[in-house]
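Undergrad: Got a structure for you, questions after.
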Amino acid sequence: MYRLNRFLRQLPAQVLLLAFTLIWSYPFIWIISSSFKSQSEMFLGGINVIPKDPTLDNFVRAWDLANFYQYFFNSVIVTASVVLLVLIITSMAGYALGRGSMPGKKLIMTMLVISMFLPKGFTILPLFELIVGLGFNNTLMGVILAESGPSKIVSILLFIGYFASLPKEMEESATIDGAGYFRMFFSIMLPLSKPILGTVTIFSFIGAWNAFFVPLTFTLSKPSLRTLGVGMYNFFGTNSVDWTGLAAGAVMSVVPIIIVFLFLQRYFIEGLAGSIKG
């Protein structure tokens, strides 16, 4: 009886939350459904999410005719490289600022926080000049460097909060055992920061995989080097839009994000909880 009464008391709230969940997830469900529909059924089918005559032609057209196979390969290279660079740079910066006692530490952190509010369009011109000066314009390396360099302040702050919360006794024990600064970081501190590594990996993966402005800017003369975020515009013609092909392309582009998030969701939750606690 106690469980039944408890269930009945919670039933209205659960029904309300379920309704909000369905409303929130309906656009995503509709996109998935539209990727299996014909163009006419997509426009005439209303809000129906069950295709009458399911077809895979949209996926084939998106993969071959829209050059998605090339964009997908470019996105994998760019995203994997960006995630690796961001993890190395932000973890080392977070450790230095979270555990170190360098002069001007507060000033550096203040400047980092201020730089968070600078729009990407404000920094794209000096960034473009830097990439051109290095000779990496219209190359995947240019896209990787431009995407992994700026606007990673949140990741650094996550590492700072986590490293600052770790007990100092671990460093003291490692120092007694003869461990140097870098060995202490790579052998002890970095393995302990798996939750933050997972969180930063998810943030960096989503940002690099969905990037549009930077890949477009640095591949203007070489469309073959574009990523999926830019390649989606292949479905927009001069006088028409291939909406079902666009839906299929959107589904294909979001599947890797879902897989990575499901694989790292435990570390993602632990990382946010650990940073807030720290």
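The values are calculated or read from the model by the stated rules, or taken from the named source; none is laboratory data. Values in this document were obtained by computation on a predicted structure and should not be read as measured data. With ideal geometry, Cβ positions are generated from the backbone for all residues, glycine too; neighbour counts draw on all protein chains shown. Remember, those area values only see protein heavy atoms, side chains included, never the ligands or the DNA or RNA. Shrake-Rupley method; radii C 1.70, N 1.55, O 1.52, S 1.80 Å.
Undergrad: Hey, which of the helices (runs of 4 or more DSSP H) in the stretch 82-197, taking only ones fully inside, have at least 3 residues that are at pLDDT below 85?
TA: Result: 105-115, 120-134, 153-165, 169-176, 181-184.
Undergrad: Any residue in the stretch 117-137 that's farther than 20 Å from GLY207 by Cβ: show its pairings with residues that are open to solvent by 80 Å² or more (accessible area, probe 1.4 Å) and not in a loop (DSSP other than H, G, I, E, B) at Cβ separation under 9 Å, as long as the two are six or more apart or on different chains.
TA: LEU134/MET141
Undergrad: Filter the stretch 8-67 for residues that are polar (S, T, N, Q) and in a loop (DSSP other than H, G, I, E, B); which is farthest from VAL251 (Cα to Cα)?
TA: Checking each candidate, the answer is ASN48.
Undergrad: Is it true that ASN239 is in a helix (DSSP H, G or I), open to solvent by 60 Å² or more (accessible area, probe 1.4 Å) and modelled with pLDDT under 90?
TA: No: the conditions fail for ASN239.
Undergrad: Looking at this structure, is PHE117 closer than 23 Å to GLY229 by Cα and surrounded by fewer than 16 Cβ atoms within 10 Å (Cβ to Cβ)?
TA: Taking the combined requirement at face value, the residue does not satisfy it.
Undergrad: Another question, if that's okay. Within the bounds of the stretch 198-216, is there any residue that is without any contact (Cβ under 8 Å) to a residue 12 or more places away in the chain, surrounded by fewer than 19 Cβ atoms within 10 Å (Cβ to Cβ) and outside any helix (DSSP H, G or I)?
TA: no
Undergrad: Restricting attention to the stretch 122-136, which residues are open to solvent by 50 Å² or more (accessible area, probe 1.4 Å) and on the phi < 0 side of the Ramachandran plot?
TA: Here is the first cut: in the stretch 122-136, the ones open to solvent by 50 Å² or more (accessible area, probe 1.4 Å) are 122, 125-126, 128-130, 132-136.
PHE122, LEU125, PRO126, PHE128, GLU129, LEU130, VAL132, GLY133, LEU134, PHE136, listed by residue number.
Undergrad: So, one more: Given the conditions (1) closer than 23 Å to LEU112 by Cβ; (2) in contact with a strand residue (DSSP E or B) (Cβ under 8 Å, 6 or more places away or on another chain); (3) not basic (Lys, Arg), report the number of the one that PHE205 does not fulfil.
TA: Unmet condition: (2).
Undergrad: Here's something else I'd like to know. Could you check how many residues of the stretch 47-76 are within 20 Å of the chain's Cα centre (by Cα) and open to solvent by 60 Å² or more (accessible area, probe 1.4 Å)?
TA: Going through the stretch 47-76 one residue at a time, the tally reaches 3.
Undergrad: To continue, here is another question. Restricting to the stretch 148-180, name every residue that is open to solvent by less than 30 Å² (accessible area, probe 1.4 Å) and among the β-branched types (Val, Ile, Thr). I'd like the intermediate steps shown before the answer.
TA: So the first thing to find is which residues in the stretch 148-180 are open to solvent by less than 30 Å² (accessible area, probe 1.4 Å), and the list is 148, 153, 155-156, 158-161, 163, 166, 174, 179.
Hits for the stretch 148-180 are ILE153, ILE156, ILE160.
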